[in-house]
Structure formats: C-alpha cells, structure tokens
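Structure, as structure tokens:
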Amino acid sequence: MKKSFVLVAVFSFGYVANDLANNRFNLVPLAQADVAGMDYYDLRTDYDFKKAVKSIVEDCEGRGYVDGDYLYSLEIEC
C-alpha cells in the first residue's frame with residue numbers, strides 16, 4: 001500500500017513539473033525582448049540588426065528547436 005502511494009505521488013509530482021516546464025499554466029511568462037523599442041517584427045526587417053547578429057555569430061554553431069514563431073531551445077557554441 002505504501003509503495004503504491006509513493007509511486008502515485010512521484011508520478012503526480014512529475015506530471016505537474018512537466019506542465020510547469022512546458023508553460024501550460026503560464027506561471028512563468030514567455031520571454032519578451034525588444035531592442036531600442038523595436039519588437040520581433042521590426043528587428044526582423046532591420047538591415048543593421050541582421051548585419052550585427054551575423055557578424056557576432058559568424059564563427060558559431062547553433063542548434064535548436066523552432067516551431068512556428070517560437071524558439072523552444074537554443075544552444076550556441078563559439
């Protein structure tokens with residue numbers, strides 16, 4: 001009886017932790033960023049910003065997972 005209670009408790013904790021990590025409850029808001037008052041859409045079309053980013057990451061290798069407009073993970077190695 002005690003083992004089954006522990007297993008149910010551990011499973012429940014893992015389930016809740018997974019929901020929190022996947023931001024289903026929105027307890028941790030998605031990251032928002034802007035540069036000089038410009039949002040994502042403005043930066044996407046800004047030539048100087050693109051040029052600066054390219055010069056910084058020119059010699060770096062990046063890996064990540066993107067779904068639509070959302071970047072879920074990113075690893076950059078320089």
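Computed values, structure above
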read-out: Where a residue in the stretch 1-30 is assigned by TED's automatic domain parsing to the domain that holds ASP67 and more than 25 Å from LEU71 (Cβ to Cβ) and its partner, wherever it lies, is assigned to a helix (DSSP H, G or I) and at pLDDT 75 or above, with Cβ under 8 Å and at least six apart; value: none
read-out: Residues that are of a type in the set (A, V, I, L, M, F, W, C), surrounded by 10 or more Cβ atoms within 10 Å (Cβ to Cβ) and either at pLDDT 75 or above or in a strand (DSSP E or B) (or both), drawn from the stretch 34-59; value: VAL35, MET38, LEU43, PHE49, ALA52, VAL53, ILE56
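The values are calculated or read from the model by the stated rules, or taken from the named source; none is laboratory data. If you're wondering where the values come from, they're calculated on a predicted model, not measured in any experiment. Note: ideal-geometry Cβ built from the backbone for every residue, glycine included; neighbour counts use all protein chains shown.
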